[in-house]
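S.K.: Quick one: structure below, then a few questions.
Just so it is clear, none of the values below were taken in a lab; they were calculated from the coordinates. Bear in mind that the values here come from a model prediction, so they are computed numbers and not experimental data. Here the Cβ positions follow ideal geometry from the backbone for every residue, glycine too, while neighbour counts run over all protein chains shown.
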Amino acid sequence: MDTDSLKHGRLKVYLGYAAGVGKTYQMLADAHELVKKGVEVVIGFLEPHGRKDTIVQALGLELIPRCKVEYRGSVFEEMNTQAILERHPEVCVVDELPHTNVPGSGHVKRWENVLELLEAGIDVLATMNIQHLESLNDQVWNMTGVRVRETIPDWVMKQADEVVMVDLTPRALLNRLERGVVYPPEKARQALENFFKESTLVALREIALRQTAHEVEVRHVTLPDPTTETPAAPTEISSAGTDTPGALNDRILVYVTEHPSTALLIRRGRRVADYLQADCFAVFVHAEMDFNSLPVVKREAVERHLSFARNLHIETRVVQGVDIASALSDFARLHSITQMFMVRPQYSPWEGFLGRNLIHRIVRYARDMQVTIVAERRRASRY
């Protein structure tokens, strides 16, 4: 068998917390360094947003023409994955990893195109902002009031062999915005009134730094040379992938219901499992294995939540049982669960007083586990 055909591409992600911090510029600068070393590099997709410095930085790099996709009477341009595969460079530059492709493009998300390139043995340099990480979606929303619609599953980030955080202080970023470096004047004014409030940027940067700290914990750390200066590229923290063994004792169970907050619960369970390097299960309990006996609205909500969990690489199970507390507890003990996450159900004060409600019964049955109850938030969780 040809060993070259088994080579898998390497993924390097340039991570930021907002537009304009310098992710794309730094990625292009690194691409030029690779070319100087004799590496074949092409630009698979670049979105400079009219930024002159970024456009200049891209000069001299081979650009793969985009493919045109017609949708609802209009023509859009997307990354031409097939052309890249046929060209088969050593390295491909791909901007805006979380982007949603126009219907008819082949893949729904750009990160799916990138996975195809990696499988073909092509190394990829890609950019994204921290708020697009799926498990942080609710946290970002509650902290900033901004619901990010385009997200990347955490397991995709785990595919990265190297993660570089491109950092810039919020004040410096706002100065760039005011000078027209990030957006044209009209769009810059709108940004300053909304997403680019300093308090929001500070919060996002803190999240990005915490996430980077986590990435550093599970990867080997390489710090940049402090004597090196790059005009438009801020400080970096680079973390290269390793095969760090995870903890063997922790296992997470997320109790799935039709409740809208279950999406938030699934994200939280996934994130905790990632930090603990633990197995994670999403479990729905029903008296019958067949969902058809459920009311249509409830059935659709449960199926949507289970599908969402599977997309985050959480193992899903449907457990048959009339007594939910007993069924969950039995499953938890059988699978050595250490932590259980559930949404606070609705029950009467009388049930709570007698201790007959679901929460009290599960806590009583699962004395050897940590049970986390998540109260409903004002903002209903969405996908």
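S.K.: If you take every DSSP beta bridge fully contained in region 3-240, what fraction is antiparallel? Give it as a percent rounded to 5.
M.R.: If I count the DSSP bridges inside region 3-240, around 40 percent turn out antiparallel.
S.K.: Here's something else I'd like to know. 5 Å is the cut-off here: which amide hydrogens, built 1.01 Å from N in the peptide plane, fall below it relative to Thr372, excluding neighbours closer than 5 in sequence?
M.R.: HN-HN under 5 Å from Thr372: Met340, Phe341, Met342.
S.K.: Right, next: Per-residue HN-Hα couplings for region 360-366, Karplus 6.51 cos²θ - 1.76 cosθ + 1.60 at θ = phi - 60°, whole Hz, x for Gly and Pro?
M.R.: 4, 5, 5, 4, 5, 6, 9
S.K.: Measure up Lys36/Lys158; Lys23/Lys52; Lys52/Lys109; Lys12/Lys36; Lys12/Lys187 against 22 Å on the Cα-Cα distance and list the ones that go over.
M.R.: Lys36/Lys158; Lys52/Lys109; Lys12/Lys187, as the Cα separations exceed 22 Å there.
S.K.: When only DSSP loop residues count, what trypsin sites (Lys or Arg not before Pro) in region 78-166 have their Cβ near at most 16 other Cβ atoms within 10 Å?
M.R.: Of the trypsin sites (Lys or Arg not before Pro), the ones in loops of region 78-166 whose Cβ has at most 16 other Cβ atoms within 10 Å are Arg147, Arg149.
S.K.: Given the Cα-Cα distance of Lys52 and Asn175 and 0.36 nm per residue of separation, how much length would full extension add, in nm?
M.R.: Separation in residues times 0.36 nm, less the Cα-Cα distance, equals 42.6 nm.
S.K.: With a ≥ b ≥ c taken as the square roots of the eigenvalues of the C-alpha gyration tensor of region 3-240, please select rounded if a/c is under 1.5 and otherwise prolate if a/b is larger than b/c or oblate if it is not?
M.R.: Judged from the Cα gyration tensor, region 3-240 comes out rounded (a/c under 1.5).
S.K.: Fewest Cβ neighbours within 10 Å first, please rank Ser135, Ser326 accordingly.
M.R.: Listing Ser135, Ser326 from fewest to most nearby Cβ atoms yields Ser326, Ser135.
S.K.: What's the ranking of 278-290, 17-29 by average number of surrounding C-beta atoms within 10 Å, highest first?
M.R.: Descending mean neighbour count gives 17-29, 278-290.
S.K.: Could you go through region 124-131 in sequence order and give the Karplus-derived ³J(HN,Hα) for each residue, using 6.51 cos²θ - 1.76 cosθ + 1.60 with θ = phi - 60°, rounded to whole Hz, and x for Gly and Pro?
M.R.: Per-residue couplings from phi come out as 10, 9, 9, 10, 6, 9, 4, 5 Hz.
S.K.: Using the Cα gyration tensor of region 1-126, with a ≥ b ≥ c the square roots of its eigenvalues, what is the shape: rounded (a/c below 1.5), prolate (a/b larger than b/c) or oblate (neither)?
M.R.: Here region 1-126 falls in the oblate category.
S.K.: Give me, ordered by chain and number, the residues 5 or more places off Ile43 or on other chains with an amide H under 5 Å from its own placed amide H.
M.R.: Residues meeting the amide H criterion: Glu62, Leu63, Ile64, Val93.
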